[in-house]
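To keep things clear, I will list the structure first and then write my remarks on it.
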Amino acid sequence: MTRAIFVISLVLKTIISATHEANIKVQVEQGWLQGEELELVTGDGKYFSFKGIPYAAPPVGKLRFKAPQPAIPWEGVRNSTQHGSKCIQFDIFTNKLVPASEDCLFLNVYTSNLNPKVPLPVMFFIHGGGFESDSGNVDNYGPDFLVGNGVVLVTINYRLEVLGFLSLDTEAVPGNAGMKDQVTALKWVKKNIEKFGGDPENITVFGQSAGSVSTVLHMVSPMSRGLFKRAISMSGVPSCDWAMAYQPKRRAFVLGKQLGFDTTDPENLLEFLQNVSAEKLTGVSPNVLASEEVSNILKMFHFAPVVERDFGQEHFLTENPEKLLMEGKVSQVDLMIGHSTSEGIGDLILFEDTFLKTYSQYAELLVPTKIQVKKNPEEVFKLSDMIRKHYFGTKSISKDTLQEFLDYINDSAYGYDIYRYINLLSKVLKRNTYVYKFTAVSTRNIYGKIGQKYNFTVAGHLDDTAYIFDPKHANLNIDKKSKEYKIVTQTVALFTNFAKYGNPTPDKSLGVTWTPFNNNSEAYMDIGEDLTPGQNLDADVAAFWKSVFDKAGLEF
């Protein structure tokens, strides 16, 4: 009798489980999706996960380099328990080809409630990686913390490097295919997110590094207008030297020549490049400046967003982003923007021998590329001397001045450009702008940890993401009594409060009030183990670099 009861109980549990799994289905525009229910890493509950959802047609064959086309409907129920393929890429940290595919335009949706009484705010994340690598997968961007705080999270893949950002300056391939992928994903979310419990009228676009640059570009792009309500920019703006393409058409023809096809005809080049294997278009270095032969990662990536020529078709960007801002041509959205303490720590340690040697030998490298390409060598050398004296005094650039070099990287490649954009945006946005500096340090600082070899204890580039996401590859423990858990809890609260209310501190629950930025007080929040309000962020950095640009006769 006991055995019979056990068997019946087991059968009932199996039936209930199967019925429950069958209910984790959502019907979107293209068809039915089968998701799954997963445990939050914090142990505080569960969430629904839908991975590998196609938001556009596979960009292969004659669609290579072109604007994305609508997603293809499917028959039956599509299994959405596994990620779709990553976009083909070389990992910028390991410099190795990542198992991936051209058929990679997938997104992932995570939610705690498929049928909430009130639709949940949506957070749409754009990954970084220099427009060259990474994906929206849980390897780096596990959703647990955010969905546990009452938002729907969407992460995406978009085409990278040559496949995503080739520009032939033609109507067929004007550039920005990867940016148009992002817009297409946003449009998909706008149409379908209600089915996952999300609010299509309350979407926050946010991103880190290249994803941060993308976020700011969406604010000025006519294609993105009306698709989101709020934006969070983490460590990158379009004026950073590495953020926008330089001489993209010329670079495209250099690429063809490197691959054995020397032509001046863009149509012939397109036909050739559409028939080259995707692997041959990955990890390439079609340099157009001699300086790129010795230094690239801080100065520019080979393929990135471009200012397109207006061919009368729908376009992502046809004017310089700064010009658009100065003319007030920006989406009126709430904004949260900032950067980490030591953005360059990963670059410095990973490439220290190359950096120290080349920057010591070639003085002009200290000068931002946007100045170098507009001034003659004599003027560039004078500016270089000015910069070197400010950061290094009479010391040489060597392993004995790593801290000084780290400060230089942080300020020149990130800090001043972000400061300038904050001031530009604050003048034209009619909504609140919240500025932060991320200073938290703990065992979750995966990238800043590299600096421990040299006794640097800092928050580096990408470190902030580990406090709003759970990077599954890192197996980071969360002890609810730990410092790490405290920082995660308050950081996630800031980000999700902003997504919900347009205000990171809408009440007294975090013990502080985050005052919006204005050009008088220049208020900001220091996000560390504690939350500390401040004023005049990076004022000394801003004053020095303004003097450099003034001496160069350039407004920016």
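The values are calculated or read from the model by the stated rules, or taken from the named source; none is laboratory data. Computed from a predicted structure; not experimentally measured. Glycine also receives a Cβ, built like all others from the backbone with ideal geometry; neighbour counts cover every protein chain displayed.
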Return the pairs, sorted by first residue and then second, in which the second residue is assigned to a helix (DSSP H, G or I), the first residue lies in the range 479-490 and is within 15 Å of PHE438 (Cβ to Cβ), the beta carbons are less than 7 Å apart, and the residues are 6+ apart or on different chains. ILE487/TYR467; VAL488/PHE145; VAL488/TYR467
Scan the range 395-432 for residues that are touching a strand residue (DSSP E or B) at 6+ places or on another chain (Cβ under 7 Å) and surrounded by 19 or more Cβ atoms within 10 Å (Cβ to Cβ) and jot them down. LEU406, ASN410, TYR414, GLY415, ILE418, ILE422, LEU425, LEU429, ASN432
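Taking the conditions exactly as written (aliphatic (A, V, I, L, M), surrounded by fewer than 21 Cβ atoms within 10 Å (Cβ to Cβ) and either in the same structural domain as PHE65 (by TED's automatic domain parsing) or at positive phi (or both)), does ALA290 satisfy them or not?
So ALA290 passes the test.
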Among what's in the range 502-540 and is surrounded by fewer than 19 Cβ atoms within 10 Å (Cβ to Cβ) and at positive phi, pick the residue that is farthest from the chain's Cα centre (by Cα). GLY511
Of all the helices (runs of 4 or more DSSP H) wholly in the range 52-171, which have at least 2 residues that are under 25 Å from VAL237 (Cα atoms) and touching a helix residue (DSSP H, G or I) at 6+ places or on another chain (Cβ under 9 Å)? 138-141, 161-165
Has the range 168-190 got any residue that is surrounded by fewer than 21 Cβ atoms within 10 Å (Cβ to Cβ), under 28 Å from THR489 (Cα atoms) and not hydroxyl-bearing (Ser, Thr, Tyr)? no
Return yes when LEU317 is of a type outside the set (Ser, Thr, Tyr) and in contact with a Phe, Trp or Tyr (Cβ under 8 Å, 6 or more places away or on another chain) and no when it is not. no
Hey, GLU75 hits all of (1) surrounded by 13 or more Cβ atoms within 10 Å (Cβ to Cβ); (2) farther than 30 Å from LEU348 by Cα but one; which does it fall short on? (1)
Tally up the residues in the range 26-44 that are assigned to a loop (DSSP other than H, G, I, E, B) and either at pLDDT below 95 or of a type outside the set (A, V, I, L, M, F, W, C) (or both), please. 6
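When you check GLU522 against the structure, is it within 21 Å of LEU425 (Cβ to Cβ) and outside the structural domain of PHE405 (by TED's automatic domain parsing), yes or no?
So GLU522 does not fit the description; no.
Those residues that are part of a loop (DSSP other than H, G, I, E, B) and either surrounded by 15 or more Cβ atoms within 10 Å (Cβ to Cβ) or in contact with an Asp or Glu (Cβ under 6 Å, 6 or more places away or on another chain) (or both), I need them from the range 541-556; list them, please.
Correct list: PHE556 only.
If you scan the range 440-469, which residues turn out to be of a type in the set (S, T, N, Q) and either free of Cβ contacts under 8 Å to residues at least 12 places away in the same chain or farther than 24 Å from PHE351 by Cβ (or both)? Walk me through it before giving the result.
Just the residues of the range 440-469 that are of a type in the set (S, T, N, Q), to begin with: 442-443, 445, 452, 455, 457, 465.
Matches in the range 440-469: SER442, THR443, GLN452, ASN455.
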Among the candidates ALA474, ALA499, which residue alone is among the aliphatic types (A, V, I, L, M) and surrounded by fewer than 18 Cβ atoms within 10 Å (Cβ to Cβ)? ALA474
